[in-house]
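Asks: Dumping the structure here so I can ask a few things about it.
The values are calculated or read from the model by the stated rules, or taken from the named source; none is laboratory data. Every value quoted in this text rests on a predicted model; they were computed, and no experiment measured them. Glycine also receives a Cβ, built like all others from the backbone with ideal geometry; neighbour counts cover every protein chain displayed. Ligands, DNA and RNA are excluded from the accessible area calculation, which covers all protein heavy atoms including side chains. Shrake-Rupley method; radii C 1.70, N 1.55, O 1.52, S 1.80 Å.
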Amino acid sequence: MNDLQTSSPAILVSPDARAPARCRAPAALHTCLVVSTSARRAQLWVRAAHEEHWATIVCTTGDDAIRQSVRQRVDLALVDLQTASAEQEGRLKTLVQQLAARPGPLLAVCGKPDDTTGEVWSRQLGVWMYLPGMDGQSDIALLCGEARNILRKLSDSAAHATA
């Protein structure tokens with residue numbers, strides 16, 4: 001069993017930790033939960049999220065991701081089903097179902113290319129974005145930027161509704 005298959009503590013990473021002062025994020029960071037069994041993909045996705053000034057929580061298992069999402073407010077969850085084994089995929093799908101049932105976080109699922117049943121399943125749950133065969137960091141950065149715009153609009157709508 002490799003270390004990615006075992007549950008390890010999630011890592012909270014803030015883009016402020018390494019960004020120069022001129023590139024630092026605004027004080028109100030949004031939090032992105034990155035869940036992948038692939039360390040390489042998780043690292044790419046974290047970099048992409050940091051480009052858009054998201055704090056990130058990185059998890060390698062669905063169980064750890066559930067624990068972390070209960071402990072901390074999550075605004076966006078990126079779940080990678082593409083690289084998961086059959087056993088891991090089942091656990092990650094349970095995570096997706098639990099996150100989709102909660103109000104709040106935007107949920108993006110990266111599925112296997114040409115998996116139409118996975119796409120239908122995700123859409124029936126109300127997943128915000130389904131990304132079949134996603135590999136690129138720049139695509140995830142665009143997704144994170146769009147999620148930030150949506151959260152800003154929701155916040156503005158809520159502020160106008162209470163005013």
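Asks: Would you pick out the residues in segment 100-109 that are in contact (Cβ under 8 Å) with a residue 40 or more places away in the chain and assigned to a strand (DSSP E or B)?
Replies: The initial filter retains those residues of segment 100-109 that are in contact (Cβ under 8 Å) with a residue 40 or more places away in the chain, namely 105-106.
Result: Leu106, single match.
Asks: Still on this model: Being in contact with an Asp or Glu (Cβ under 9 Å, 6 or more places away or on another chain) and either in a helix (DSSP H, G or I) or over 20 Å from Leu143 (Cβ atoms) (or both) is the filter here, so list the residues in segment 40-77 that pass it.
Replies: Scanning segment 40-77 gives Arg41, Ala42, Leu44, Trp45, Ala48, Thr60.
Every residue, every condition in (1) outside any helix (DSSP H, G or I); (2) among the aliphatic types (A, V, I, L, M), yes or no:
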position	(1), (2)
Asp114	yes, no
Tyr130	yes, no
Ile140	no, yes
Glu146	no, no
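Residue by residue, here is whether (1) modelled with pLDDT of 95 or more; (2) aliphatic (A, V, I, L, M); (3) more than 13 Å from the chain's Cα centre (by Cα); (4) crowded, with 19+ Cβ neighbours inside 10 Å holds:
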position	(1), (2), (3), (4)
Gly90	no, no, yes, no
Ala108	yes, yes, no, yes
Thr116	no, no, yes, no
Leu125	yes, yes, yes, no
Gly136	no, no, yes, no
Ile140	no, yes, no, yes
Gly145	no, no, no, no
Asn149	no, no, yes, no
Ser155	no, no, yes, no
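Asks: Of all residues being open to solvent by less than 10 Å² (accessible area, probe 1.4 Å) and touching a helix residue (DSSP H, G or I) at 6+ places or on another chain (Cβ under 9 Å) in segment 59-80, which is modelled with the lowest pLDDT? Just the residue, please.
Replies: Gly62
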